[in-house]
Amino acid sequence: MSQHETLDKETTRIGDNANDFHVPVTVHRSTEQAFLPVYHGNKIANPSPLAFSAVAVSLFLVSQVALGTDKLSSLSIVVTVALGYSAVALLVAGIWEFPSGNPFGAALYTSLSGFFASLALVLSPWSDVSTSYTNAAEFPVAVSQFFFAWFITVFIFIVAAHRSSGGLVIFLSLVDLTLLFIGLAYRYPGKTVLLKTGGALGIVASFVAWYATLASLLDNDSLFRLPVLLDLTKKRRA
């Protein structure tokens, strides 16, 4: 058992209030997932590198288009990566977290999987989402509301992550601001500075996600470790 893992004895109540009894349960507690709160569960491999990498790739591409890098304007390439990699990988990682006993990681990853899958459907030409609006001016407003809804969702995860690590809070905050500014850019299409700001924040967020990927892959057998950018779990364990 590594120094990052403890083995605790807990009890689980079975039965109704009148005739319940308690069964001892062995719970693994590990802090190997550098950017996530302590998780509880069996000895299952860490899915967080896969999840962070999946977010980083699609977010990087979306942000490049938002910034207009090399005159990029089409989001078609995002559809392929968001559906073919990010949505699938995040769903697998989220399902992976359920048997680990980590509700935060499970909810976060599966939610982000849904975000990228739905974003791909919105952007995809064969989904006919944009053409389904008889009033063309209605579509950008609807897309802005889409981003605002996900802004609120990610904000909830930021609140829940306040006792995990500074790196995770920074990452989620950058993603949240990216969603906010892109949503504002669709709501006020004439103000390109909003889209550029969202793209710039997304680029930073994607590199933080790649940092988290590497930080989660490195362990005690690696030549070096990366800091978690303020471990907030120490206060909780104190």
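Points to keep in mind about this one:
- Look at the alpha carbon pairs under 8 Å that are at least 6 residues apart: their mean separation over the length of the stretch 50-166 gives a relative contact order of 22 percent.
- Trypsin sites (Lys or Arg not before Pro) restricted to the stretch 141-225 and DSSP loop, no more than 14 other C-beta within 10 Å: R163, K191, R225
- With 0.36 nm allotted per residue and the present C-alpha distance subtracted, the D221-F139 stretch has 24.4 nm of extension available.
- Across the accessible surface of the stretch 139-214, with the other protein chains kept in place and a 1.4 Å probe, carbon and sulfur atoms take up 80 percent.
- Heavy atoms of the protein chains alone define the surface here; on that basis the stretch 47-219 has 44 Å² accessible area per residue at 1.4 Å probe size.
- Distance (nanometres) between label positions extended 7 Å along Cα→Cβ at S76 and L214: 3.4 nm
- For G183, net neighbour charge (Lys/Arg +1, Asp/Glu -1) across residues whose Cβ lies under 15 Å away: +2
- Approximate spin-label separation T192-I156, in nm, with each point projected 7 Å along Cα-to-Cβ: 3.7 nm
- Here's how it looks for S165: its modeled amide H is under 5 Å from those of L232, which are all 5 or more places away or on a different chain.
The values are calculated or read from the model by the stated rules, or taken from the named source; none is laboratory data. Computed from a predicted structure; not experimentally measured. Positions of Cβ are generated from backbone atoms using ideal geometry, with glycine treated the same way; all protein chains shown enter the neighbour counts. The protein model used for the area step is the full one, side chains on, heavy atoms only, and it has no ligands, DNA or RNA in it. Shrake-Rupley method; radii C 1.70, N 1.55, O 1.52, S 1.80 Å.
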